[in-house]
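Working notes for the structure below.
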Amino acid sequence: QYQSEHNFDKQGQVNKLLKMQSKANELKTFYENNGYLTEIHVLDKDQLDLTTQNFSALEDKFGKVYTQYSLHNVHLQYKWVMDLATNPLVLQAIIAVLGPNVILLDSRFICKYPASDVPHKSNVAPYVAWHQDIRYWGFEGGSVTSVWLALDDVDEENGVLQVIPGSHKLGLQEHGTSAIAGNMLTSNQEIPKHLVEAEKAIQCPLKAGQMSIHDGLTVHFSEPNLSNRRRCGFVIRYVPTTAYPVDDPDRPRSFPATVLVAGVDTFNHFTNNAPDNFSKIF
């Protein structure tokens with residue numbers, strides 16, 4: 001049984017929104033200079049508990065082998081997932097960096113389970129290779145912004161996200177096929193090691209209920225989860241309404257789950273697949 005409504009602490013939520021609004025310019029400046037934001041508080045304890053409960057129900061229904069990567073675009077199916085993707089604190093930060101007119105492009109739960117929960121295929125622990133999200137999505141007119149909303153504490157031990165600050169300013173980099181088994185990217189791509197300034201990488205540890213944000217051109221990766229703890233997050237992609245997909249015969253793309261979540265869309269590059277029970281608040 002899924003619970004679809006978050007029991008918001010209304011005044012607490014309002015106070016957080018006002019605080020974030022006052023910091024919008026600061027967030028935007030840091031994001032433009034560095035290509036990421038991190039440790040942004042989103043879910044309070046009650047909201048996090050409810051989200052964890054709802055996700056556990058999906059684990060029970062589908063099994064952990066499935067839920068580690070295959071819960072894709074379920075924001076159209078479950079209201080509680082749509083509530084996460086349109087949480088006011090999430091959208092406030094996204095609007096700060098993308099502007100007022102925003103489309104929810106895609107979502108996916110990504111979980112790195114300990115081997116005791118999901119045995120590693122061929123005894124290879126899954127990881128995410130160095131890459132740029134824009135290489136996969138292929139947009140012009142505006143970049144993709146990705147959110148990692150942590151359902152679990154994330155640290156060095158269980159495969160924390162690492163980013164290279166400022167790498168988004170270098171443009172699209174060469175990507176090849178990963179030579180190391182276990183890459184969770186569906187295209188098995190990676191930026192060749194000689195092009196990655198790994199010594200400049202910083203870690204983005206999060207507490208459950210916090211989020212990080214990174215630009216589609218920001219170079220990033222995450223190591224395997226070698227701990228005995230789950231490392232699960234909700235990954236949400238947003239684009240400004242000015243963005244449009246680039247045709248690539250080698251990588252056909254479709255966007256069946258796009259939703260206008262803030263502002264207005266005068267460009268109509270994407271279909272608005274908003275569920276009947278969704279109402280914009282921005």
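The values are calculated or read from the model by the stated rules, or taken from the named source; none is laboratory data. Given the structure is predicted, the values throughout are model-derived calculations rather than measurements. All Cβ positions, glycine included, derive from the backbone under ideal geometry; neighbour counts span all protein chains shown. With ligands, DNA and RNA removed, areas are computed over all heavy atoms of the protein, side chains included. Shrake-Rupley method; radii C 1.70, N 1.55, O 1.52, S 1.80 Å.
Structural remarks
- Among residues of the stretch 152-163, those that are open to solvent by 10 Å² or more (accessible area, probe 1.4 Å) and either outside any strand (DSSP E or B) or among the polar types (S, T, N, Q) (or both), counted: 6
- Failed criterion for Arg108 (all others in (1) part of a helix (DSSP H, G or I); (2) modelled with pLDDT of 95 or more; (3) open to solvent by 30 Å² or more (accessible area, probe 1.4 Å) hold): (1)
- Selection count where residues are outside any strand (DSSP E or B) and surrounded by fewer than 20 Cβ atoms within 10 Å (Cβ to Cβ), scope the stretch 200-229: 12
- Test: residue in the stretch 222-244 that is among the acidic types (Asp, Glu) and within 30 Å of Pro119 (Cα to Cα): yes
- Failed criterion for Pro275 (all others in (1) in contact with a helix residue (DSSP H, G or I) (Cβ under 7 Å, 6 or more places away or on another chain); (2) farther than 17 Å from His72 by Cα hold): (2)
- With respect to the stated conditions, Val128 fails to be β-branched (Val, Ile, Thr), within 24 Å of Ile164 (Cα to Cα), open to solvent by less than 20 Å² (accessible area, probe 1.4 Å) and under 16 Å from the mean Cα position of the chain (by Cα).
Conditions (1) within 21 Å of Val154 (Cα to Cα); (2) touching a Cys at 6+ places or on another chain (Cβ under 7 Å); (3) assigned to a helix (DSSP H, G or I), marked per residue:
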site	(1), (2), (3)
Lys28	no, no, yes
Glu32	no, no, yes
Leu37	yes, no, no
Ile40	yes, no, no
Leu48	yes, no, yes
Thr52	yes, no, yes
Ala57	no, no, yes
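- Only one of the numbered conditions (1) assigned to a helix (DSSP H, G or I); (2) surrounded by fewer than 20 Cβ atoms within 10 Å (Cβ to Cβ) is violated by Ile95, and that is (2).
- All positions within the stretch 51-89 that are among the hydroxyl-bearing types (Ser, Thr, Tyr) and in contact with a Pro (Cβ under 9 Å, 6 or more places away or on another chain): Tyr69
- Conditions (1) surrounded by 17 or more Cβ atoms within 10 Å (Cβ to Cβ); (2) free of Cβ contacts under 8 Å to residues at least 12 places away in the same chain: number failed by Ile134: (2)
- Pairing each residue of the stretch 29-58 that is under 30 Å from Gly171 (Cα atoms) with any residue that is of a type in the set (Phe, Trp, Tyr) and surrounded by 21 or more Cβ atoms within 10 Å (Cβ to Cβ), provided the two are 6+ apart or on different chains, yields C-beta distances under 7 Å for Leu37/Tyr31.
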